[in-house]
Ligand SMILES: NC(=O)c1ccc[n+]([C@@H]2O[C@H](COP(=O)([O-])OP(=O)(O)OC[C@H]3O[C@@H](n4cnc5c(N)ncnc54)[C@H](OP(=O)(O)O)[C@@H]3O)[C@@H](O)[C@H]2O)c1
């Protein structure tokens, strides 16, 4: 299996390696989609800051690779989990990030992962007392000028309905809508705000922005759109504090 991106030799620790002193100052984050492109880059960003990161993977080989990098993950398929079973993995977690997605695949997978899975995660966060919930979503008007096939139309519709469920929750939620994700290196400069153009954004910049947002407790209950831009990520995030 190719190595997971974004996780070079990390200074971070697994949850089980934290001392009681660490417990006071380290942010504990659980990432659903941690084996994915954005998820693994986010794990790298957070562990580089010293945060304790864990998450959900579907395969043992993914668990073993992440464990070798001090990210101790749990195995599960969000499409088949109950809120109770997921909640049992979330003890002490301060922020749950949901970046799993079908990326517009088959309808039933989209329904399970981009739809129902997020609702399960919301319920699990509530049951486990996880205060913050961040969802990586998508620009709802993405590619309106292009002809989308039925699966893609369905994907955008499900993502939008999922956003409604997140925004109606009592959690301290955040929805980040990136534009088209690309794999070129990040520039560290973005356009972030309630309404942005739909261009492209390197996944590295999405992960860095998300990490910065998670470290800004004054940003919550907001939908933010993200595109490539000119503003350094730290400044772009600070500008969204209300
Ligand atoms: N593509 C775009 O241009 C675009 C634009 C805006 C927003 N987005 C959204 O951005 C998010 C992240 O994108 P990405 O590029 O990082 O996606 P990705 O690389 O395809 O990663 C998807 C992640 O979801 C996990 N996953 C899928 N089904 C799962 C299940 N049933 N149970 C547990 N985990 C499951 C995958 O696990 P495995 O490793 O096991 O497959 C993987 O970790 C997605 O939600 C996507 O919809 C995409």
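No lab work stands behind these numbers, since they all come straight from the coordinates. Everything quoted here is computed from the prediction, not taken from an experiment. Cβ coordinates were reconstructed from backbone atoms using ideal geometry, including for glycine residues, and neighbour counts include every protein chain displayed.
Placing R0 at 41 angstrom, the Cβ-Cβ distance between residue 239 and residue 64 gives a FRET efficiency of 0.50 after rounding to 0.05. For region 113-191, the square roots a ≥ b ≥ c of the C-alpha gyration tensor eigenvalues yield an a/c of 1.5 or more together with a/b not exceeding b/c, which makes the shape oblate. Note on residue 119 and residue 49: with the Förster distance fixed at 35 Å, the Cβ-Cβ geometry gives a FRET efficiency of about 0.75. Extension gain, residue 145 to residue 111: 0.36 nm times the residue separation minus the Cα-Cα distance gives 9.8 nm.
What shape does region 117-242 take by its C-alpha gyration tensor, where a ≥ b ≥ c are the square roots of the eigenvalues and a/c under 1.5 counts as rounded, a/b above b/c as prolate, and the rest as oblate? In terms of gyration-tensor shape, oblate. Using only the Cα atoms of the chain, build the gyration tensor, take square roots of its eigenvalues as a ≥ b ≥ c, and label the shape rounded, prolate or oblate: rounded if a/c is under 1.5, else prolate if a/b is larger than b/c, else oblate. The shape class here is rounded.
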